[in-house]
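Just so it is clear, none of the values below were taken in a lab; they were calculated from the coordinates. Keep in mind that what you see is a predicted model, and the values were worked out from it rather than measured. Please note: Cβ atoms are built from the backbone with ideal geometry, for glycine as well, and neighbour counts cover all protein chains shown.
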Amino acid sequence: EYAYVVAFESHNHPSALDPYGGAATGIGGILRDVICMGAQPIALIDPLFFGPLDLPYEKLPKGTKHPQFLFRGVIAGIADYGNRVGIPTVAGMVEFDNSYITNCLVNVGCIGIVKKDRVVHSRVGNVGDLFILAGGKTGRDGIHGVTFASSELNEESEETSIPAVQLGYAIMKEPLMHACLEINEKGLLTGMKDLGGGGLSCAASEMAFSSNLGATIYLDEVPLKEKGMKPWEIWVSESQERMMLTVKKENLSEVLEIFDFWDVPAQVVGRVDASKRIKAIYKGKKVLDLDLEFLIGGVRYERKYEIRGKRFREPRFNMPDLEKIIKKILNSPRIGSRESIIRRYDHEVRGQTIIKPMQGVIGYQTHGDAAVIKPLEHSYRGLAITADVNPQFCKLDPYWGAASAVEEAIRNLVSVNSLPHSFADCLNFGNPEKPERLGEFILACNGLYFVANSFRIPFVSGNVSFYNETPHAWIAPTPTILGIGIIEDVRNAITVDLKRRGNLIYLIGESRREMGGSEYYRVLGIEGGRVPRVYPKETKNNMNSLLMAMKRGIVRSCHDLSEGGLIVGICEMAFGGNLGVDLDLEKIPRLRTDIKLFSESNGRWLVEVDRKRYDEFEEIVNAKRIGVVKKEKEISIRDGKISIDLSLDELRKEWNNAIESEVE
């Protein structure tokens, strides 16, 4: 009876110039994308990427804002807009790397729910239908937004391109959203589309073109923020909080009454015709008349690309002081607690968030792998939501980095006892006119296809953001993945926090010496290495057996292994349960202790199993028993002659302090 709607896009360039406004309007735009399908938004997702927060100012390129300023502004923009419109921000990620110093990335996603018979298409209905422009007024803000986003930033961008950044108005979005959904529920629409990139010029043209029809728009009828706007400015303005609807003439008065009830301005601005052309009229004069096929028909570029082969060798080095390295990794901004960011967002508004971004004992909560939403009152069926990518992998090897991102999304969804169902991607890359950048893009796309096709999970939505580049640098290839899973009963969802002393800890999957892009190598200053590979058949078998064990109620907690490896995974589980762990790593063969602890190999989970049902678990799942939960607040590690005892409170302090002080 119901379907979910997913949208995933970027607002990178605007956020680099105006972090608060750029991030806020990114949220506003992604909400409109879901609404124009006739769906009620139920969750927001925000993967974010910045330069190092402690970057010395003398190393900041001219014309670039400091990562700390961007970081604070973006988080405030997302929090303020999302909280005001009453949609929970339930998932996301924050990544730091030097490649994002001159180009921060702000990716935004939204999930909605809609009755299948109420799905709206972004196209007009029939000849004679009327175009209604509803919501905010049209101004000079956001003019040339899409063209600005399709070029490299430079030192002059701050002065020349700031008018291209749109201005958000969340207070208008809330009633606009309700009004559009009510009109749709009553079956009064023939089509609906949001006004985003290109404004009126794209919305009206694309809606008509999609139905093989034409349209005439009367620019004099468009409500304006200021006097004296030229017709071309009205036509391409990207002012926010605007929706375009098409309705039959006989439904016009009822539609306008609904908008009036919600106190949302709405105006008839055009009419559908059979011309297959888009026309604009201003003060009685035709100022635009274009063939829609010519205007919208896609252009295919045959650009040169270059794929550079790289050697992947694991360097030799002496094992460092493991206790110091463990603490240093937990204190890394890439690894440390995101609680100070997550708490800025309202992730419980609407009362549907079953598994939250932070999980565990109150006062000791830890990161979860995925959030779980219960979208319908009358059903316990839920949606699991996660976002993933590791740019460190993608820098070294775009193919395996992209493949790893998809597999990590799968692991995160499985960790909460959901079956992975679909993906969306936001592909962030440099200038595609440069052969090496286009080569990175092609490799990443092939990596995404390899894993998604192997697991038979579709990509249902996505976005490509090119030109994330300046004369100083280009971003690491960043194919961000939004994963959605279906959980049959949200009451059976699994969290990451350890539950009870005496329960057993198992490692599922193979740990390998493939340390390229690992946090361990980054902390040690080691370059190169082999990026982790993906083995779909092996992971699929482990996934299915793990889900079977979860279905039988044997699994008490579960956490996938990714950044930081096994030691970070077990620490995060211990933090959430406020319990200690005894680890015996001798069950992991043929690897040095540091590789066992810090390898970021794909296809792995840590699982806490009920101590009374371990034999049943071992019959179902191929896993290694590597530890036991204990009451004492410490992490004890044994591996042959190596013995390490670490205070849980000290480790938590390092983890908590990684970026907390940077958020106001």
Per the helix-only calculation at 222 nm, which mean residue ellipticity applies to the chain, given -39500 (n - 2.57) for every DSSP H run of n ≥ 4 and division by its residues, nearest 500 deg cm²/dmol? -9500 deg cm²/dmol
Would you pull out the residues with amide H under 5 Å of ASN417's amide H, same chain only if 5 or more places away, H placed 1.01 Å from N? ILE494
Hz values of 3J(HN,Hα) by residue in region 251-268 - Karplus curve (6.51, -1.76, 1.60), Gly and Pro given as x: 9, 4, 4, 5, 5, 5, 5, 5, 4, 5, 4, 7, 6, 10, x, 8, 8, 6
Take the Cα coordinates of region 203-246, assign each an equal point scatterer, and use the Debye formula without solvent to give log10 I(q)/I(0) at q = 0.17, 0.22, 0.34 Å⁻¹. -0.55, -0.87, -1.39
Could you tell me how far the Cα centroid of region 224-303 sits from the Cα centroid of region 1-24, in Å? 23 Å
Amide H contacts under 5 Å for SER239, restricted to residues at least 5 apart in sequence or on another chain and with H modeled in the peptide plane, are GLY139
Length gained, ARG491-GLU619, 0.36 nm per residue minus C-alpha separation, equals 43.6 nm
Under the Karplus relation with 6.51, -1.76 and 1.60 and θ = phi - 60°, whole-Hz ³J(HN,Hα) for region 294-305, x at Gly and Pro, equal 5, 6, 10, x, x, 9, 9, 9, 10, 9, 6, 9
Are there trypsin sites (Lys or Arg not before Pro) in region 379-455 that DSSP puts in a loop and that have at most 15 other Cβ atoms within 10 Å, and which ones? ARG381
Give me, ordered by chain and number, the residues 5 or more places off GLY191 or on other chains with an amide H under 5 Å from its own placed amide H. THR246
Could you tell me the center-to-center distance, by alpha carbons, between region 365-394 and region 323-344 in angstrom? 20 Å
Which ³J(HN,Hα) values in Hz, rounded to whole numbers, follow from the phi angles of region 524-532 under the Karplus curve 6.51 cos²θ - 1.76 cosθ + 1.60, where θ = phi - 60° and Gly and Pro get x? 7, x, 8, 9, x, x, 8, 6, x
Which percent, nearest 5, of DSSP beta bridges in region 2-296 are antiparallel? 75 percent
A correct Stokes-Einstein calculation for region 2-296, using the alpha-carbon Kirkwood radius, 4 °C and 1.567 mPa s, returns a whole-number D in µm² s⁻¹ of 66 µm²/s
Please compare each pair in LYS356/LYS596; LYS230/LYS279; LYS230/LYS286; LYS327/LYS624; LYS587/LYS653; LYS395/LYS434 to a cut-off of 18 Å on the Cα-Cα distance and tell me which ones are over it. LYS356/LYS596; LYS327/LYS624; LYS587/LYS653
What is the local net charge at GLY128, summed over the other residues whose Cβ is closer than 13 Å to its Cβ (Lys, Arg +1; Asp, Glu -1)? 0
Which whole number of Å³ per residue matches the convex hull of the alpha-carbon atoms in the chain? 150 Å³
Take the Cβ-Cβ distance between GLU323 and LYS283 as r, set R0 to 60 Å, and report the resulting FRET efficiency rounded to the nearest 0.05. 0.20
Under 8 Å for C-alpha pairs, at least 6 residues apart: give me the relative contact order for the chain, rounded to a whole percent. 15 percent
Taking the number of other C-beta atoms within 10 Å as the exposure measure, put SER643, SER545 in order starting with the fewest. SER643, SER545
Using only Cα atoms and rounding to the nearest 10 degrees, what angle (0 to 90) does helix 398-415 make with the longest principal axis of the chain? 80 degrees
Can you pull the one-decimal nm distance between simple spin-label points at VAL127 and LYS186, each 7 Å off the Cα toward Cβ? 2.9 nm
What shape does region 493-640 have by the C-alpha gyration tensor, where a ≥ b ≥ c are the square roots of the eigenvalues, rounded means a/c under 1.5, and otherwise prolate means a/b greater than b/c and oblate the rest? oblate
Subtracting the Cα-Cα distance of GLU436 and ASP584 from 0.36 nm times their residue separation yields 48.8 nm
Counting all Cα-Cα pairs in region 524-601, those more than 15 Å apart amount in percent to 70 percent
Using Cα atoms only, what is the angle between the long axis of helix 536-551 and the major principal axis of the chain, expressed in degrees (0 to 90) to the nearest 10? 80 degrees
If neighbour count is taken as other Cβ atoms inside 10 Å, put ARG123, ARG313 in order from fewest to most. ARG313, ARG123
Relative exposure of LYS283, LYS193, judged by other C-beta atoms within 10 Å (fewest first): LYS283, LYS193
